[in-house]
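The values are calculated or read from the model by the stated rules, or taken from the named source; none is laboratory data. All figures in this text were calculated on a predicted structure; none of them were measured in a lab. FYI the Cβ positions are ideal-geometry reconstructions off the backbone, even for glycines, and counts take in every protein chain you see. Heads up: the accessible areas ignore ligands, DNA and RNA and are worked out on the full protein's heavy atoms, side chains in. Shrake-Rupley method; radii C 1.70, N 1.55, O 1.52, S 1.80 Å.
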Amino acid sequence: MKYFVKRIGQSVFTVFAVVSFSFGLIRLLPGGPMDYLRAQIMEQGGSNLSPEAINRRIEAQSGINPDEPVYVQYVDYMLGLAQGDFGQSVWYGDPVASIIGPAIPWTVFLTASALFIAFTVGVSLGAVMAYKEGSTFDVGSTGVGLVLNSTPGYVVALLLVAYLGYRYQIFPTGGRYNSALDPALTNPEFLLSVLYHGAMPIASMAVVGFGGWALSMRGNAIRVLGEDYLRVARLRGLSTRRIALRYVARNAILPMYTGLMIAIGTVFGGAVIIENIFAYPGVGFYLIKAIGARDYPLMMGGFILITIAMVIGITIADLTYGILDPRARGGASRESY
């Protein structure tokens, strides 16, 4: 119990530290939404206004007083954040929660689908590669896995957009679904449109992702295949299927659990560039727009969401790994005393 409380406390402190650091770092960026609003007010006939009057107008539109010191803005922001108020977007003019909230399910759909496909295909392929170690299939698959694992996802995304999107026009190059359809989960045409529009973004992330899982599974499975208890299992006359599933697969996948939970934690930050390439309005799409417009509140909202998801993923992996692997309980139990 003491270890559990300690890890939760560390997670909360990590989120607080990242939020504080991000707040200060964002304020150091050159330019900003205040400069944009000031220029807009000046163009609309505000050249005759005093600087104090212009600042009052900026505060009324953005909710940020440019005359206040940074530490005062920080205290106000953290107090509002503690009450669930992420502020108001300077660029869009809407509350940050109302912008990011509806985008969350779409980002989760993309990244979760890509992760499921990449992990399933990678683990299956890695197991076959391990059983056929040294064969032509193993060598060829290892080479392909290394190339894909070192290829950025946006490269595949650009190739898919160029050929399947524009040249052959097989898939749409933007949007989340056909806007002419009724967006209801009970509408089959809407669901098919969602899959149709999400096919290329999902494929671009899954293609570069399964190579790393395959190589990890191959290495773990080869190590497990050399263990003495497998020789004992064969001598006992256990079937190959039972040995492969119960002993090899289980013990080879177990070390990948932490990586899987971290990958789940990056569900919001892993599709930032991909969503912008495909003009897919998810969390990453709005985050890039906020960075370009120096929209401080929207930027902070995106960073906080990504940070919390990552910390939760790592914390869950740390707290549950001992349940899956009893051999890891010793370290946790020793720290808890």
Answer with one residue from Pro172, Val139, Gly24: the one whose Cα lies farthest towards the positive end of the charge dipole of the chain, charges on Cβ with Lys, Arg +1 and Asp, Glu -1. Val139
Pull out the extension gain between Leu235 and Gln83, defined as 0.36 nm times the separation in residues minus the alpha carbon to alpha carbon distance; nm, one decimal. 48.4 nm
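Mind checking Rg over Rh on the chain, alpha carbons, Kirkwood formula for Rh? Display every interim value, and only then the final one.
Values: Rg = 25.0 Å, Rh = 23.4 Å.
For the chain, the value is 1.07.
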Just grab the label-to-label distance for Ala279 and Glu68, each label 7 Å out from Cα along the Cβ direction, in nm (one decimal). 3.8 nm
Sort Glu275, Glu189 from largest to smallest accessible area, using a 1.4 Å probe on the heavy atoms of the protein chains. Glu189, Glu275
GNM on the chain, C-alpha springs below 10 Å: top fluctuator among Gly84, Gly270, Gly313? Gly84
